[in-house]
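All remarks here apply to the structure that follows.
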Amino acid sequence: MRAKTASSYGTEGETGSPIRTFSVGGHALTAPKPVPGLHLVATPIGNLGDITLRALETLAGVDIIACEDTRITRRLTERYAISAQLKPYHEHNAALARPKILERLAQGASIALVSDAGTPLISDPGFKLVREVCAAGHAVIAVPGPSSVLTALSVAALPTDRFFFEGFLPARETARRARLTELARIDATLVMFESGNRVQDTLADLAGIMGARDAAICRELTKLHEEVTRAKVRELADLAATLETRGEFVLVIGPPAPDAQVMALDALDDLLRASLRRDSVKDAVAHAVELSGRPRREIYARALELAKQAGARGNHGQD
């Protein structure tokens, strides 16, 4: 994610000043040093005004802020006049940085971990660090706040009593479709991240597997150009060609219908025969996966057999 950067979590260069402050609305506030340990601090996903007072006090009071990209975190600390040291912690330097963080914690340091946006560890580095900090017997303290997952759920107008967070889908088409087929069987609202350069392809795949479900495309949440588009998955896929692809996307897909059932084998055969008369094997399988509730592998094998029996010609290649 980030360029490789050497980092040091040693004591050199630290002022040790007992007075730590931050500023809100032009008013300087004093921040006491937090208790020793690793503080997981949620930061804004877009609008810097979404930071909590507790998060500001923690960031201002710690000895070190470990962050994915110091340039991004510095925008936040400069906004609130926080002078704590920023040290990089990302996937490229984590193996080297973790022992240094653990050493500082053993010396009684207070260290904050932040991601570029949102809650640390949610599709961001940090799990291995938290695990090792806990194993070493140091405190881990959560400072909750912004989360793009919960923000998207709250505005999608879809059921929120049960949800499944997928994170990013596989980049390759075959793997992505296979994963979506597995997700389609989960009786819960689905939340997933997607990049702008793949969101149109992902919507097309979703339409072939969960096309009848209600969904929402959430783009640039809490930012100036925030957009939330709600419709059936198939309708959203039809709009994909005109979709603004710049920015960050959260896709929210509603759960399967309450009366959704696994289709009987004879009914599946009838459905496949009808589809194969007008569609390729690939398209017939996609349609059957959406309607039958059966695994894609099973449907694909049955479609090949029926196509062979009927002498159907078309695309028999597995997608």
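Data table
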item	result
Residue match in segment 268-282 (condition: assigned to a helix (DSSP H, G or I), among the charged types (D, E, K, R) and open to solvent by less than 40 Å² (accessible area, probe 1.4 Å))	yes
Top-ranked residue in segment 154-213 [being in contact with a Gly (Cβ under 9 Å, 6 or more places away or on another chain) and charged (D, E, K, R); ranked as nearest to residue 252 (Cα to Cα)]	213
Residue match in segment 181-197 (condition: open to solvent by 50 Å² or more (accessible area, probe 1.4 Å), more than 27 Å from residue 114 (Cα to Cα) and in a helix (DSSP H, G or I))	yes
Number of the exception - residue 153 against (1) free of Cβ contacts under 8 Å to residues at least 12 places away in the same chain; (2) part of a helix (DSSP H, G or I)	(1)
Test result for residue 265, at pLDDT below 90 and surrounded by fewer than 16 Cβ atoms within 10 Å (Cβ to Cβ)	yes
Cross-chain or 6+ apart pairs with Cβ under 7 Å, segment 176-197 first and farther than 17 Å from residue 122 by Cβ, then of a type in the set (Phe, Trp, Tyr) and open to solvent by less than 10 Å² (accessible area, probe 1.4 Å)	196/249
Filter pass, residue 257 being open to solvent by 40 Å² or more (accessible area, probe 1.4 Å), of a type outside the set (Asp, Glu), free of Cβ contacts under 8 Å to residues at least 60 places away in the same chain and in contact with a helix residue (DSSP H, G or I) (Cβ under 6 Å, 6 or more places away or on another chain)	no
Hits in segment 126-150 (condition: of a type in the set (Asp, Glu) and assigned to a strand (DSSP E or B))	none
Index of the failed condition, residue 46 passing every other in (1) over 26 Å from the mean Cα position of the chain (by Cα); (2) small (Gly, Ala, Ser); (3) at pLDDT below 95; (4) open to solvent by less than 50 Å² (accessible area, probe 1.4 Å)	(1)
Filtered residue count, segment 198-230, keeping only those that are open to solvent by 60 Å² or more (accessible area, probe 1.4 Å) and either touching a Phe, Trp or Tyr at 6+ places or on another chain (Cβ under 6 Å) or among the acidic types (Asp, Glu) (or both)	4
Counted residues, segment 146-160 - those being in contact with a Ser or Thr (Cβ under 7 Å, 6 or more places away or on another chain) and either open to solvent by 30 Å² or more (accessible area, probe 1.4 Å) or among the hydrophobic types (A, V, I, L, M, F, W, C) (or both)	5
Tally, over segment 52-77, of residues that are touching a residue at least 24 places away in the same chain (Cβ under 8 Å), touching a Leu at 6+ places or on another chain (Cβ under 9 Å) and open to solvent by less than 20 Å² (accessible area, probe 1.4 Å)	9
Residue in segment 108-154 that is nearest to residue 194 (Cα to Cα), counting only those that are more than 19 Å from the chain's Cα centre (by Cα) and not aliphatic (A, V, I, L, M)	131
Answer from 239, 243 - the residue that is surrounded by fewer than 17 Cβ atoms within 10 Å (Cβ to Cβ), hydrophobic (A, V, I, L, M, F, W, C) and under 30 Å from residue 221 (Cβ atoms)	239
Top-ranked residue of segment 15-36 - restricted to ones that are in contact with a strand residue (DSSP E or B) (Cβ under 8 Å, 6 or more places away or on another chain) and surrounded by fewer than 13 Cβ atoms within 10 Å (Cβ to Cβ), ranked as modelled with the lowest pLDDT	19
Residue match in segment 113-120 (condition: modelled with pLDDT of 95 or more and over 23 Å from residue 223 (Cβ atoms))	yes
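Yes/no per residue for (1) in contact (Cβ under 8 Å) with a residue 24 or more places away in the chain; (2) open to solvent by less than 50 Å² (accessible area, probe 1.4 Å):
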| position | (1), (2) |
| --- | --- |
| 84 | yes, yes |
| 95 | no, no |
| 98 | yes, yes |
| 106 | yes, no |
| 111 | yes, yes |
| 115 | yes, yes |
| 121 | yes, no |
| 141 | yes, yes |
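The values are calculated or read from the model by the stated rules, or taken from the named source; none is laboratory data. This is a predicted model, so every value here is computed, not measured. Cβ: placed from backbone, ideal geometry, glycine included. Neighbour counts: every protein chain shown. Calculation scope for accessible area: heavy atoms of the full protein, side chains included, ligands and nucleic acids excluded. Shrake-Rupley method; radii C 1.70, N 1.55, O 1.52, S 1.80 Å.
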